[in-house]
Amino acid sequence: MAKTEKSFPRNFTGCLTCVQVLNIMVLLGFMLNYALRVNLTIAIVKMIFDTKDNHTIANLTDSFNVTQHPEHIEQTRYHWDTKQVNLLLGCFFWGYVLTEVPGGRLAEVIGARRVFGYSTLLASVLTLLSPGAAAAGFGWIVALRVALGFLLGATWPAILPMASKWIPPMDRSKFMSNMMASSLGAAITMPICGFLIAHFGWESAFYFTGIIGVMWSVAWFAVVYDSPAQHPRISDTERNYLMKALPQDTNKGHTAVPWRHMLLSAPVWAIVVTHGASVFGYFTVVNQLPTYIEKILHYEIKHNGLLSSLPYLGKYLCALASSVLADSLRRSGRLSTTTARKLFTGFAVGLPGLMMIAQAFFGHDRIWSIAIFTMALTINGAVTAGYLGNGLDIAPKFSGTIFGIANTLSSFGGWLSTFMVGELTKEHNTYEQWQIVFFILAGTYMCGALVFVVFGSGELQPWNSPQLAENNTEKHEEQPLNEEKV
């Protein structure tokens, strides 16, 4: 794509363009994605009997300020111990890791409209069935949460193939920032569901998010299509612009994944490794922050609901601002795509690493500690202008598969971070032990940033060529691509 690509044309009728509608629906879709995920985290406190064994769970969930309202109703409760509760909270990822790669590839083959839409619709229906599953037995609610993870795992990689059909290269950073609306969804869902649970019972959290999910799914299928050529209501001006701005695949059928070339590609592994490092750090900070503040800083964060939401809000705002800036710099020709991706990845992943070093030395102070945690998570939002959508730059035809691989491996970060902190603090839960955690986080963040700065790329890879994939040979003298380099 030329460096001086023009901005997307406005609809002369004054109505929203189809691309703008797509942006809105994707943003709301990822907000909903996390709402369907965290509703159990909020409701679990009122689902179980308040015994000494479950006291720590209640304290952790109270950090989101969801149980401050007095109860006026009788609620069904279950005799689940801490082990069962942790199993229930974690089993979502059993299904989640299974559909990342298949979901991305399926979106490349049959279209993201169906993969993202039906996955969210079915996940919403399962959410509505959650209270009934819990009443049927512990095994039923565990199975339901595994199925929920199975469905939602396919949604994240599915969006990249859609972006390759709808979003011009110089606008893709901003589009990818919609994925960070998931953090915004979590920040909004927690207080809303907390209010509903206090006044209508814990079941209302599942009914509310499930109904919203079904409504969104109906709207999605009504207004979103896989490509401009398929959209029945797109204007001629917008369709012609997108058809010229985006490479059109004239091949019949679907191109096979060039697995050997992909798995031997340094830019692909740069995405995978950096994504894993970034998500590992994010999960560690988010999941362990309430425990650290309460146990080490002896500060009851549950009395400040706004403080709990600041990192989520900050991350989304940083994602949006950095993406707009990156696209502007690339469009004007001031930065090449490769330079922009490396610069913003270094900022979004490397700087939180330096801040974890600061946390190791100043984390004993309550104000400094909370400020550093919040800033680190906020800055990390700039990954949307860095590596997050980089698969669209290097191989748009297989961007869903690449993201699926990266997200599959990084999904283990949540478990690994919990295991790491547990092992380091199980005997001595002291600030000295947490310093080790912070140094590990610093090293992980900075190694991830360094790998991408060295091996990352913003240029279209030769194996994205359909001729290469069809021949499936080991020749390296392919003909140059006709597509313009991003």
Filter result for the condition that a residue is of a type in the set (F, W, Y) and crowded, with 20+ Cβ neighbours inside 10 Å, over F403, F412, F439, F419: F403
Enumerated helices (runs of 4 or more DSSP H) restricted to the range 203-299, each holding at least 1 residues that are among the β-branched types (V, I, T) and within 26 Å of V101 (Cα to Cα): 203-223, 266-295
When residues of the range 179-202 are limited to those that are in a helix (DSSP H, G or I) and aromatic (F, W, Y), the one nearest to F403 (Cα to Cα): F195
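Which one is surrounded by the fewest Cβ atoms within 10 Å (Cβ to Cβ), of the residues in the range 15-42 that are of a type in the set (S, T, N, Q) and part of a helix (DSSP H, G or I)? Spell out how you get there, then give the answer.
Our first condition is that a residue be of a type in the set (S, T, N, Q); within the range 15-42, this holds for 17, 20, 23, 33, 39, 41.
Still in the list and also part of a helix (DSSP H, G or I): 20, 23, 33, 39, 41.
Details: Q20: 14, N23: 19, N33: 23, N39: 25, T41: 20.
Only one residue fits best here, namely Q20.
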Matching residues in the range 262-271 - criterion: being buried (at least 22 other Cβ atoms within 10 Å of the Cβ) and among the hydrophobic types (A, V, I, L, M, F, W, C): V268, A270, I271
Verdict on T120 being at pLDDT 85 or above, among the hydroxyl-bearing types (S, T, Y) and in a loop (DSSP other than H, G, I, E, B): no
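Residue-wise test of (1) at positive phi; (2) of a type outside the set (V, I, T); (3) at pLDDT below 95; (4) not assigned by TED's automatic domain parsing to the domain that holds Q20.
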site: F200; (1), (2), (3), (4): no, yes, yes, no
site: G210; (1), (2), (3), (4): no, yes, no, no
site: V214; (1), (2), (3), (4): no, no, no, no
site: V218; (1), (2), (3), (4): no, no, no, no
site: F221; (1), (2), (3), (4): no, yes, no, no
site: P228; (1), (2), (3), (4): no, yes, yes, no
site: R233; (1), (2), (3), (4): no, yes, yes, no
site: R239; (1), (2), (3), (4): no, yes, yes, no
site: K244; (1), (2), (3), (4): no, yes, yes, no
Hits in the range 93-104 - residues which are in a helix (DSSP H, G or I) and buried (at least 22 other Cβ atoms within 10 Å of the Cβ): Y96, E100, V101, G103, G104
Test: residue in the range 471-486 that is in a loop (DSSP other than H, G, I, E, B), at pLDDT below 95, farther than 21 Å from L264 by Cβ and among the hydrophobic types (A, V, I, L, M, F, W, C): yes
Complete set of residues in the range 392-407 that are more than 15 Å from the chain's Cα centre (by Cα) and not polar (S, T, N, Q): L392, D393, I394, A395, P396, K397, F398
Any pair with Cβ under 6 angstrom, 6 or more apart, that starts in the range 152-174 at a residue that is closer than 14 Å to A112 by Cβ and ends at one that is part of a loop (DSSP other than H, G, I, E, B): A154/T99; K165/S227
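Within the range 133-157, how many residues turn out to be hydrophobic (A, V, I, L, M, F, W, C) and not in a helix (DSSP H, G or I)? Spell out the reasoning first.
Within the range 133-157, the first condition is being hydrophobic (A, V, I, L, M, F, W, C), and the residues that meet it are 133-136, 138, 140-144, 146-148, 150-152, 154, 156.
Then keep just the ones that are not in a helix (DSSP H, G or I); that gives 154.
Number of matching residues: 1.
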Residue check, G422 within 20 Å of the chain's Cα centre (by Cα), assigned to a helix (DSSP H, G or I), outside the structural domain of V101 (by TED's automatic domain parsing) and small (G, A, S): no
Looking only at the range 156-168, and only at residues there that are surrounded by 24 or more Cβ atoms within 10 Å (Cβ to Cβ) and either within 17 Å of V97 (Cβ to Cβ) or among the charged types (D, E, K, R) (or both), the one that is farthest from the chain's Cα centre (by Cα): A158
K426 vs. criteria of a type in the set (K, R), under 30 Å from V109 (Cβ atoms) and out of contact with any Phe, Trp or Tyr (no Cβ under 9 Å at 6 or more places or on another chain): no
The listed residue being in contact with a helix residue (DSSP H, G or I) (Cβ under 9 Å, 6 or more places away or on another chain), among the hydroxyl-bearing types (S, T, Y) and within 27 Å of V21 (Cα to Cα), out of S119, S130: S119
Single unsatisfied condition, S119 versus (1) crowded, with 19+ Cβ neighbours inside 10 Å; (2) within 18 Å of V146 (Cβ to Cβ); (3) in contact (Cβ under 8 Å) with a residue 40 or more places away in the chain: (3)
Listing of helices (runs of 4 or more DSSP H) fully contained in the range 328-394 that carry 3 or more residues being in contact with a Pro (Cβ under 8 Å, 6 or more places away or on another chain), touching a residue at least 24 places away in the same chain (Cβ under 8 Å) and not assigned by TED's automatic domain parsing to the domain that holds P161: 366-379, 390-394
Where a residue in the range 224-242 is under 18 Å from D171 (Cα atoms) and its partner, wherever it lies, is aromatic (F, W, Y) and buried (at least 18 other Cβ atoms within 10 Å of the Cβ), with Cβ under 8 Å and at least six apart: S227/W166; P228/W166; L242/W166
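The values are calculated or read from the model by the stated rules, or taken from the named source; none is laboratory data. Source: prediction; values computed, not measured. As a convention, Cβ positions derive from the backbone with ideal geometry for all residues, glycine included, and neighbour counts pool all protein chains shown.
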